[in-house]
Structures are given as C-alpha cells and as structure tokens.
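The values are calculated or read from the model by the stated rules, or taken from the named source; none is laboratory data. For clarity, every value in this text was computed on a predicted model and none was experimentally measured. Methodologically, a virtual Cβ is constructed for each residue, glycine included, from the backbone with ideal geometry; neighbour enumeration extends over all protein chains shown.
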C-alpha cells in the first residue's frame with residue numbers, strides 16, 4: 001500500500017529534524033514546510049493524512065495557515081495538530097480548536113504520545129483510501145456487468161465488512177478514552193467518529209434502494 005504523507009510545518013529546522021526523528025518509526029512519507037506559505041503550496045498538489053503545524057511562525061502564523069487550509073475544499077478535512085512552545089492558557093488553546101485543529105500539543109511534548117496520535121490519523125487515512133478504491137472498483141464492475149445486483153452485492157458486502165472492522169477499532173478506542181479529561185483526545189475521537197459515520201452513510205447509499 002502506498003505510504004501516507006505527513007506534512008510538518010515549522011520555521012525552525014531543528015524542530016523539523018526532531019519531528020522527523022520522532023515520526024520516522026511510522027514509516028510514512030514526511031514532507032517539510034518552513035512556513036505557512038510553503039505548506040499551502042504543498043497542499044495544492046499532494047494529499048496528506050495529517051498536518052503538524054507550529055503556531056508561532058513569522059509572517060503567516062499557524063492560526064492563519066489553518067484558516068486557509070479549512071477554507072479550501074480540497075484540504076478542509078485534513079486533520080491538523082497544532083504544536084506550540086508557549087502556553088497562554090485556555091483561551092489560547094480554544095483559539096487553536098476554533099481554527100480547526102483536532103489537537104493542540106505544547107512543547108516539549110512526549111514523543112510517544114505524539115507518535116501515537118499521528119498514527120491514529122495515518123491508520124484512518126489508509127482505511128479511507130482502501131474504501132475509496134473498493135468503491136471505485138465496485139462502480140467499474142457494475143458498469144461492466146450492466147449493473148448486475150449479484151456483482152454489486154458481493155462487493156458491497158466486502159466493503160461493509162472492511163468498514164465494520166474499522167468501526168470496531170474506533171469503538172474500542174472510544175472505550176479506552178472514556179473518562180479521559182483531555183480536550184485534544186476528545187476532539188480526535190470525535191473527528192474519527194464523524195469520518196466513520198460519513199463512510200457508513202456513503203456505503204449504505206450505494207445499496208439498492210439506498211438514499
């Protein structure tokens with residue numbers, strides 16, 4: 001399977017090196033951007049599983065960069081994890097979530113925690129890609145077979161089983177997070193749930209008589 005791309009945005013080279021060292025164990029494609037403008041250029045041509053975005057940058061800061069990302073149809077659904085070396089309290093954190101972030105992590109951060117959170121979005125991205133490929137294959141086979149219900153039913157069953165496996169993993173994750181008082185974790189879990197609900201609705205709509 002093709003590796004997912006992770007966008008690392010920070011104006012300090014040493015911070016980018018540190019992020020690469022932490023995330024290299026995930027064995028995905030890490031893409032650097034030294035500014036908000038450079039990040040937006042990268043997002044014009046490539047698809048990313050998640051964006052790690054520094055808040056404090058000269059020129060276009062992280063909040064402004066996130067606002068541009070969320071305004072674009074192509075990129076609005078990409079998860080953004082804000083990274084910041086300062087902590088101005090709840091108001092500053094709220095501004096990060098209001099800008100569209102799914103998580104907000106203060107430096108210095110626990111490498112294991114950051115890697116685990118990024119891994120969740122990489123896994124979700126991979127599942128989304130698999131489902132899109134299966135859906136495309138289904139459409140091709142339906143067209144080739146004149147829309148035979150038997151062909152479509154078999155593939156829909158396979159797609160449904162794949163999605164059910166992802167839903168089980170998400171349910172197990174939600175149980176693990178139950179009672180955890182962490183706004184970032186809660187936002188991450190909510191984002192996963194919305195994605196899965198959307199995928200299940202799309203799949204149900206493909207069934208005969210689906211809306």
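Every residue in the stretch 67-99 that is closer than 22 Å to residue 116 by Cβ and at pLDDT 70 or above, please.
77, 78, 79, 80, 81, 82, 83, 84, 85
Which one of these is modelled with pLDDT of 75 or more and over 30 Å from residue 100 (Cα atoms): 154, 116, 161?
Just a single option satisfies the conditions, and that option is 161.
Restricting to the stretch 29-51, name every residue that is surrounded by fewer than 21 Cβ atoms within 10 Å (Cβ to Cβ), touching a helix residue (DSSP H, G or I) at 6+ places or on another chain (Cβ under 7 Å) and within 16 Å of residue 83 (Cβ to Cβ).
The answer is 30, 31, 32.
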